[in-house]
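Working notes, structure below.
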Amino acid sequence: MKLRTAILRGAVGLLAGLAVLGAGTARADVKLPAIFGDHMVLQRDQKINVWGWADPGEDVKVEFRGQSQATKAGEDGSWRVALEPVEAGGPFELVVSGKNTLTFQDVLVGEVWICSGQSNMQWSVAAANDPDLEAAAAKFPNIRLISVPQVGTQEPQKDFRGEWKVCSPETVLPFSAVGYFFGRQLHQTLDVPVGLINNAWGGSACEAWIPRETLAADPIYKDLLASWEEREKNYEAAKKAYEEAKATAKAEGKPAPRPQDDPEGPMKGNYRPANIYNGVLLPTVGYTIRGVIWYQGESNAGRAYQYRDMFPLMIETWRKAWGQGDFPFYWVQLADFMAEKPEPADSSWAELREAQTMTMGRLPNTGEAVIIDLGEGKDIHPKNKQDVAKRLARWALARDYGLDIPAQSPTYKSMEKQGGKVVLTFDHVDGGFRPFDVQEPVGFTIAGADKKFVNAQAKVVGPNKVEVWSDQVSGPESVRYAWADNPVCNMYSAAGLPLTPFRTDDWPGVTANNTK
């Protein structure tokens, strides 16, 4: 009996010891975040950051294409190396070893871009134009795709659940349409592998993509943060009341409170400042990239004047976090949307477009794809993502890859009053102006000192000049073009790029005082 008891105790002790040993081994295993994996694309011609975790003090070695970089995990278990730049190619293996060894296979080297923003960037190939044809043709094994899940949190995250996938008819449909079509254009033009990281979150506000402390450092966001602090302070009581209302409704057989009224939603959602920066962006920060494409702004249109500062702040914050200098950052200007109006009117969407355009003048290595002709009045999610992506790709191909092609839409430069008319001068009018459909320019409005705009007549009077007037305005003070939610306008350069919406005045707009 004693022997049997001793054997049982011994067996239990052995199992406990093995469990401890197993737990210790798990902690000792070298680990990398999900952004590193089989089928990934590493950025060519730049130092390649590789990082992860191990036991404190553990020796870690990273091997790739004949290189070997060694380091030691810090006190918190984190480690990081930077591989020397390599040319495009593959497939290769990346080997990371410590007390264990990880081998990542089918690794390519090429161009890596982040595809970010809200729903129009998240919008999938399956929901874009011709998804059946696009999927059938998506046989590009050297394009690789990875998507970051939507996690909204105030706690900085180090990793996410996801994996790189080889582009194929089966994998392309759920991926970002703008991202994929952009990457496909680069791949077909440059003949190098392309890696696309999709982290877009539909409905997201710009402030959710910025660290809380960064916003708090600028007094212009005081009201915005104060409104959230009030909501956060009342969250526990609001959540308790919501759950009690649910329980009461269930007990009485009545309809439950609406899920959208659950106060937990905003706390984990896509509007709360820093939520997406912490939960979605941070796990990928530092992965060597070429640049970012961005499609967002709809959720901030009500605070367009604030966006003039917030959007550049976001870009600068990302660039600082990545530590790659002023990497390329190209965005899509808001499309035409909502009902067409026969007469000039104020427009928050026009003001948001203006804020986006202003960002090009504030930050280097930025560009804007104008799509004032590609929207749908009845649908905030236009399906023509192919042309959106081509206009973004023009920026990258011209700016970053040396192609001699037009990329920037014509932009307003100056105005000159000539009697009762105004002569406008423009930049970036490649090949001169080409009004679409009819000979006369459409989409201009004009106002005098009374600030009352009327529809104007216009005439192209030079390769980069347009004359604007109205018999109703004898002393013109300002001209606007495509200044509406859904403007009727027709001006293009000969290169096929639409004229950027603009105004010559700086009169206060409808969102000038909106701060939260």
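Based on the alpha carbon coordinates of the chain, what radius of gyration and maximum Cα-Cα distance (Dmax) apply, in Å?
So, for the chain, Rg and Dmax equal 27.3, 115 Å respectively.
Just the ratio, please: alpha-carbon radius of gyration of region 180-323 over 2.2 N^0.38 Å, N its number of residues.
1.34
Can you compute the helix-only [θ] at 222 nm over the chain? Use -39500 (n - 2.57) per DSSP H run of at least 4 residues, normalise by all residues, nearest 500 deg cm²/dmol.
That comes out to -8500 deg cm²/dmol.
Please work out whether region 61-190 counts as rounded, prolate or oblate from its C-alpha gyration tensor, where a ≥ b ≥ c are the square roots of the eigenvalues and a/c under 1.5 means rounded, while otherwise a/b larger than b/c means prolate and anything else oblate?
oblate
For region 118-183, go through all pairs of different Cα atoms, get the mean of 1/r, take its inverse, and jot down that Kirkwood value in Å.
Mean inverse Cα-Cα distance, inverted, gives 12.8 Å.
Taking 7 Å along the Cα-to-C-beta vector as the label spot, tell me the Q157-R231 distance in nanometres, rounded to one decimal.
Computed distance between label sites Q157 and R231 equals 1.9 nm.
Name the trypsin sites (Lys or Arg not before Pro) in region 37-92 that are in a loop by DSSP and that have at most 14 other C-beta atoms within 10 Å, would you?
Qualifying residues, ordered by number: K47.
Pairwise over distinct Cα atoms, reciprocal of the mean inverse distance: report the Kirkwood radius of region 393-516 in Å, one decimal place.
Computed over region 393-516, the radius equals 15.5 Å.
With each label point set 7 Å from Cα along the Cα-Cβ vector, what nm distance links R362 and K240?
Once both label points are built, they end up 4.2 nm from each other.
Rounded if a/c is under 1.5, else prolate if a/b beats b/c, else oblate: with a ≥ b ≥ c from the C-alpha gyration tensor eigenvalues square-rooted, which is region 451-516? Please report the intermediate quantities before stating the final value.
Numbers: a/c = 2.31, a/b = 1.30, b/c = 1.78.
Oblate, because a/c is 1.5 or more while a/b does not exceed b/c.
So, with a 1.4 angstrom probe, what is the percent of accessible area on the chain that is carbon and sulfur?
51 percent
What are the GluC sites (Glu not before Pro) within region 318-354 that DSSP puts in a loop, where the Cβ has at most 13 other Cβ atoms within 10 Å?
E340
Can you bin every Cα-Cα distance in region 250-330 into 5 Å intervals starting at zero and give me the percent of pairs per bin, rounded to whole numbers?
All Cα pairs considered, the percentages come to 3, 11, 16, 20, 16, 11, 7, 5, 4, 3, 3, 1, 0.
Given a 1.4 angstrom probe, what's the average accessible area per residue across the chain, in square angstrom?
Here the residues of the chain average 45 Å² of exposed surface.
Debye sum, Cα scatterers, region 280-409, no solvent: what log₁₀ I/I(0) at q = 0.16, 0.22 1/Å?
With no solvent term, the Cα-only Debye profile gives -0.87, -1.41.
The values are calculated or read from the model by the stated rules, or taken from the named source; none is laboratory data. Everything quoted here is computed from the prediction, not taken from an experiment. Counting neighbours? That spans all protein chains shown, and the Cβs are built from the backbone with ideal geometry, glycine included. Note: accessible area is taken over every heavy atom of the protein model, side chains too, but ligands, DNA and RNA are not part of it. Shrake-Rupley method; radii C 1.70, N 1.55, O 1.52, S 1.80 Å.
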